[in-house]
C-alpha cells in the first residue's frame, strides 16, 4: 500500500477492514465510522483513482457508536437484487448518509444508504430487514452483527 501523506491538520489515518466493501467493478464502499476516518477515506480514494482500480468510491457515513461498528454490520449485499440490512440506519437514514466520489472529480451526496443503493446500484433492490425491522428483534440482531453475512 502506498504511504499516505501526513495531514496538515493532524488528521488521523485509521482504516478498519469491516468498513471496506467491494460492491462491484465500479464501486468501492468505505464506511466512515468510529474506526475509519474521513481523512483515511480521502487518501484511499485518491490511490484507487490514481491506479485506475474503480470509478466510484462511496463514503458511507455512519454514527460513531458501538451499534454501528462497521458498514458490514449494517448491511450486506447477498446477491445483485438483495441486501440484508439494519433498517434504522440503512433504510430510515438515521444518522447515515452517503457521499459518492467520482473518478472525474464529481461528488454527490445521498441522504440515506437506501437512496444510494436505489439511485446508484440497482433501482429494483430488495431490502431484507434483520429482525424483520421490528423492535426489539432488529436491535437484538444488530447487537450480534446479524447483517454481517458472508456469501
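Read-outs: derived from the displayed coordinates by stated rules, not from any lab. A quick note: this is a predicted structure, and the numbers were derived from the prediction, not measured. FYI the Cβ positions are ideal-geometry reconstructions off the backbone, even for glycines, and counts take in every protein chain you see.
Compared with the alpha-carbon gap, the fully stretched path from residue 122 to residue 102 is longer by 5.4 nm at 0.36 nm per residue. By the count of neighbouring beta-carbon atoms within 10 Å, fewest first, 22, 69 end up ordered 22, 69. For the range 18-143, the alpha-carbon coordinates run over 45, 31, 21 Å along the three principal axes, in decreasing order.
Under 14 Å from a point placed 7 Å out from the Cα of residue 115 along the Cα-to-Cβ direction: which residues of the range 40-78 have their backbone N that close? Backbone N within reach: 61. Distance between the 7 Å Cα→Cβ label points at residue 50 and residue 82: 4.1 nm. Note on 112, 96, 14: ascending count of other Cβ atoms within 10 Å places them as 14, 112, 96, the fewest first.
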